[in-house]
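Structure, as C-alpha cells:
The values are calculated or read from the model by the stated rules, or taken from the named source; none is laboratory data. Everything numeric in this text was worked out from a predicted model, so none of it was measured. Note that we place each Cβ from the backbone using ideal geometry, even for glycine, and neighbour counts take in every protein chain shown.
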Amino acid sequence: MPLQCYRVTVEPVLFLYMLGIFMLLPALQDLIYSKVCLETFSKDVCDDLYSSKNSEALDVVQSNSSHWVLGSTLALAFTSIITAQFLGSWSDTYGRKIPMLLPPLGGVFASFVYIVLSVEMIEAPVSLILLASVIAGLGGGFTSCIMTCMSYVAQVSDTQARTVHVGILESMIYVGGTLGPLLGGWMQQAWGRSAIGACIT
C-alpha cells in the first residue's frame, strides 16, 4: 500500500496513552519508595537512602516497595479486566468513541492522585497508591485502550489495508513504551516526579 494513501486514525491516541503510562512508571516507583521509606525509617535516613551507610535500610525499602508495586499492578489489572468486559460489548453496540476516551480519562484522574500524594500528602500511607490504580482500572486501563483502538481499526479499514493499519497501531505501543521511561526519567530528574503527573493531566 503506498504511503501517501495511508490514513491516520487512532494511532496518536494509542501512542499518547502508552507514552503517558510509561512516563509515569518510574515516578510511581519512586513515589512508592519514598512512602515506604517514610513509613519505616526517619526522614534523615530517607534523604540519604542510597548512601553506603544505609544499605540495610535500602534493602528493606526495596523489598517492601516491590510488594506495593505488585499490588498496584494487580489492582490496575483486575479492575481494568472487569471494565474491559463491559466496554467491549458496549462499544460493539453503541460505538467506540466513549470507550476510547475512558482509559485516558482514568489515567488523568490517577495522575492527579499521584500529584496530590507527591506534593500535598507525602507522608500519607503508601496504600493510597492503590486508589490511583483502581481509578485508572475503572477507566479501562491499557487493556481497554488497546482493545478499542484495535476494534476501531478493524472496523474502518478495508481488507487490503488492515494488516498495515494493525501493524502500525501495534508499533505505537512499543514506541510509546520506549520513549515513555526515557522522557519520564528526564522530566523527573529535571523537575521532580510531580511534573510528570502534571504533564499527563
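So here's what we get for this one:
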| item | result |
| --- | --- |
| Scope segment 36-67; condition part of a helix (DSSP H, G or I), closer than 17 Å to P26 by Cβ and among the hydroxyl-bearing types (S, T, Y); matching residues | S65, S66 |
| Selected residue (criterion: modelled with the lowest pLDDT) from residues of segment 1-28 that are part of a helix (DSSP H, G or I), of a type outside the set (A, V, I, L, M) and buried (at least 16 other Cβ atoms within 10 Å of the Cβ) | P26 |
| Failed item in (1) surrounded by fewer than 20 Cβ atoms within 10 Å (Cβ to Cβ); (2) under 18 Å from S133 (Cβ atoms), with Y94 passing the rest | (2) |
| Condition check for T83: in contact (Cβ under 8 Å) with a residue 24 or more places away in the chain, outside any helix (DSSP H, G or I) and surrounded by 12 or more Cβ atoms within 10 Å (Cβ to Cβ) | no |
| Condition met for W90 (in contact with a Lys or Arg (Cβ under 9 Å, 6 or more places away or on another chain) and under 20 Å from F142 (Cα atoms)) | no |
| Those residues of segment 29-69 which are among the hydroxyl-bearing types (S, T, Y) and either farther than 30 Å from Y174 by Cα or surrounded by 17 or more Cβ atoms within 10 Å (Cβ to Cβ) (or both), in sequence order | Y33, S34, T40, S42, Y50, S51, S52, S55, S65 |
| Qualifying helices (runs of 4 or more DSSP H) (wholly inside segment 98-201; at least 1 residues being modelled with pLDDT of 85 or more, touching a strand residue (DSSP E or B) at 6+ places or on another chain (Cβ under 9 Å) and surrounded by 15 or more Cβ atoms within 10 Å (Cβ to Cβ)) | none |
